[in-house]
Amino acid sequence: MLYAGVAWSAAGYEVETVDGDGRRMTSPVSFDARRTDELIGHLRGMDHRLVTVVDSTNGILDGRMMAAGLDVYRADPHLLPPRPVFGSVGAGELARTAARRGTASLARLERGRGTQTGREDLLAEWIASAETELAAMTTAGLCLSHGRRDRREVALTFDDGPLPPYTGRILDVLERYGVPATFFCVGMNARAYGEEIVRMREQGHGVANHTWSHPFLPDLTRAQLVEQIDRTGEGIAEAGGGAVPTLFRPPYGSRTPEVMGWLAGTDARTVLWDVAPDDWAMPGADFIATTILDQARPGSVVLLHDGGGDRSQTVDALPAVIEGLLERGFRFVLVDEMVPAAVV
Ligand SMILES: [Zn+2]
């Protein structure tokens with residue numbers, strides 16, 4: 001059995017592999033975010049049973065690694081040394097922790113459950129614990145889950161990209177119908193695929209902030225959260241030549257009272273959603289379209305994904321979503337244009 005740690009930093013990803021005694025089997029190998037297929041090929045090429053380990057701040061690559069047949073595990077913070085202000089725990093440290101502690105101490109990720117497999121109850125508990133803060137921020141205009149219910153407007157949003165070829169295909173469909181959307185991009189991918197950011201801006205879409213590496217926010221310190229937001233904002237602005245985005249969406253919708261307090265202290269305005277067909281779990285294009293058409297109401301914010309894995313079902317569902325909403329008399333708007341329900 002070999003153990004491969006996959007770390008992230010400002011430069012991209014790094015992989016290091018050790019044996020069961022923690023001895024280094026390969027030198028650390030770096031991959032920028034455009035070369036994730038090569039990273040996955042590197043891991044698949046190991047000639048042993050392999051345990052691949054990430055930490056909870058590395059949330060944008062596991063879906064693709066699992067789809068390629070790799071066994072991916074998450075090591076939680078209580079097992080690991082502290083992280084730098086920007087970056088995950090190092091690849092060697094992740095690999096050695098897995099070798100030393102064994103897979104029983106780690107969470108084995110499942111494709112239909114994602115990076116936070118096994119923490120769904122905790123996530124729900126934390127989200128519920130932040131109800132008061134969420135309501136206060138919504139009233140203050142610092143948070144939006146949906147727009148006014150008396151306006152037949154809907155905002156399509158796409159998270160976790162940009163990621164070829166799906167982002168480009170989604171932009172093609174939006175262009176064909178002349179419909180705007182808001183893209184919540186991860187900084188890691190925005191830096192890698194700047195041409196997609198440029199195209200989003202040229203087509204008049206909203207470009208917004210979804211952190212750099214898709215971390216579970218309650219695992220971060222305040223400084224780490226602020227760094228994720230600031231670096232991503234700068235990365236998007238540099239990639240597309242536009243302004244630093246002000247809209248921010250927390251990965252997994254993760255929040256606690258403390259995290260909401262930190263977000264309230266930044267320039268970012270937090271955007272959640274009220275319609276989510278869980279397209280990331282690949283339930284089928286028909287299910288995605290039907291769920292949206294059943295659940296969309298005036299002011300709805302629809303959560304979809306252009307990155308994080310194979311998004312062909314999302315692409316396939318999109319024409320039926322747009323045509324169905326147009327038939328129902330909805331108008332498509334950017335999240336930026338929505339009047340928050342609580343303010344008016
Ligand atoms: Zn996301």
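Each value in this text was obtained by applying a stated rule to the coordinates, not by laboratory testing. Predicted, not measured: the structure shown is a model, and the values here were computed from it. We place every Cβ from the backbone using ideal geometry, glycine too, and count neighbours over all the protein chains shown.
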- Task: Return the long-range amide H neighbours of Gly206 (sequence gap of 5 or more, or a different chain), with a cut-off of under 5 Å between placed amide H atoms.
- Result: Ala181, Thr182, Phe183
- Least to most buried among Ile170, Ile60, Ile127 (fewest other Cβ within 10 Å first): Ile127, Ile170, Ile60
- Message: Given a Förster distance of 45 Å, report the FRET efficiency between Arg151 and Arg101 from their Cβ-Cβ distance, rounded to the nearest 0.05.
- Response: 0.25
- Can you check how the C-alpha radius of gyration of the stretch 72-156 compares to 2.2 N^0.38 Å, as a plain ratio? 1.58
- Please list the non-local residues whose amide H lies under 5 Å from the amide H of Tyr193, H modeled 1.01 Å from N, same-chain partners needing a gap of 5 or more. none
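Using a/c under 1.5 as the rounded threshold, could you call the stretch 132-223 rounded, prolate or oblate? The axes a ≥ b ≥ c are square roots of the C-alpha gyration tensor eigenvalues, and prolate needs a/b larger than b/c, oblate otherwise.
Numbers: a/c = 2.82, a/b = 1.19, b/c = 2.37.
It comes out oblate by the Cα gyration axes.
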- Query: So how tilted is helix 120-129 from the main axis of the chain? Cα-based, degrees 0 to 90, rounded to 10.
  - Reply: 50
- Estimated distance in nm for a label pair at Arg111 and Ser27, the labels positioned 7 Å out from Cα along Cα-to-Cβ: 3.5
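Would you compute, from DSSP H runs of 4+ residues alone, the mean residue ellipticity of the chain at 222 nm, taking -39500 (n - 2.57) per run and dividing by the full residue count, rounded to the nearest 500?
Values: 12 runs with 126 residues, N = 344.
That calculation yields -11000 deg cm²/dmol at 222 nm.
Would you mind ranking Cys185, Cys143 by Cβ crowding within 10 Å, fewest neighbours first?
Cys143, Cys185
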- Message: For a Förster distance of 22 Å, can you work out the FRET efficiency between the beta-carbons of Arg35 and Asp310, rounded to the nearest 0.05?
- Response: 0.75
- Going 7 Å from the Cα of Asp172 in the Cα-to-Cβ direction, what parts of the stretch 201-244 have a backbone nitrogen less than 18 Å from that spot? 203
- Would you pull out the residues with amide H under 5 Å of Thr26's amide H, same chain only if 5 or more places away, H placed 1.01 Å from N? Thr17
- Query: Using the Karplus equation 6.51 cos²θ - 1.76 cosθ + 1.60 (θ = phi - 60°), what ³J(HN,Hα) coupling, rounded to whole Hz, does each residue of the stretch 74-79 give in order, writing x for Gly and Pro?
  - Reply: 10, 9, 7, x, 5, 8
- Message: Please arrange Leu80, Leu225 by how many other C-beta atoms lie within 10 Å of their C-beta, fewest to most.
- Response: Leu80, Leu225
- Message: Using only the Cα atoms of the stretch 2-108, what semi-axes does the equivalent ellipsoid have when each is the square root of 5 times a gyration tensor eigenvalue? Give whole Å, largest first.
- Response: 17, 17, 13
- Can you give me the Cα centroid spacing of the stretch 283-326 and the stretch 94-124 in angstrom? 29
- Query: Lys/Arg Cβ at +1, Asp/Glu Cβ at -1, dipole of the chain taken about the Cα centre: which of Ser145, Pro251, Leu43 is farthest positive-ward?
  - Reply: Leu43
- Message: Calculate log10 I(q)/I(0) of the stretch 134-176 for q = 0.13 Å⁻¹, where I(q) comes from the Debye formula with a single equal point scatterer on each Cα and nothing for solvent.
- Response: -0.50
- Give me the percent of Cα-Cα pairs in the chain that sit more than 37 Å apart, rounded to a whole number. 15
- Ordered by residue, what ³J(HN,Hα) values in Hz, to whole numbers, does the stretch 290-303 give under the Karplus form 6.51 cos²θ - 1.76 cosθ + 1.60, where θ = phi - 60° and Gly and Pro are x? 4, 4, 5, 5, 6, 9, 5, 10, x, x, 5, 10, 9, 9
- Task: At 7 Å along the Cα-to-beta-carbon direction for both Arg328 and Thr256, put a label point, then send me their distance in nm to one decimal.
- Result: 3.7
- Once both labels are modelled 7 Å past Cα along the beta-carbon direction, what's the Ala124-Glu238 spacing in nm? 4.1
- In order through the stretch 47-59: 3J(HN,Hα) via Karplus (6.51 cos²θ - 1.76 cosθ + 1.60), integer Hz, x for Gly, Pro: 9, 9, 5, 10, 9, 9, 10, 10, 9, 6, 9, 10, x
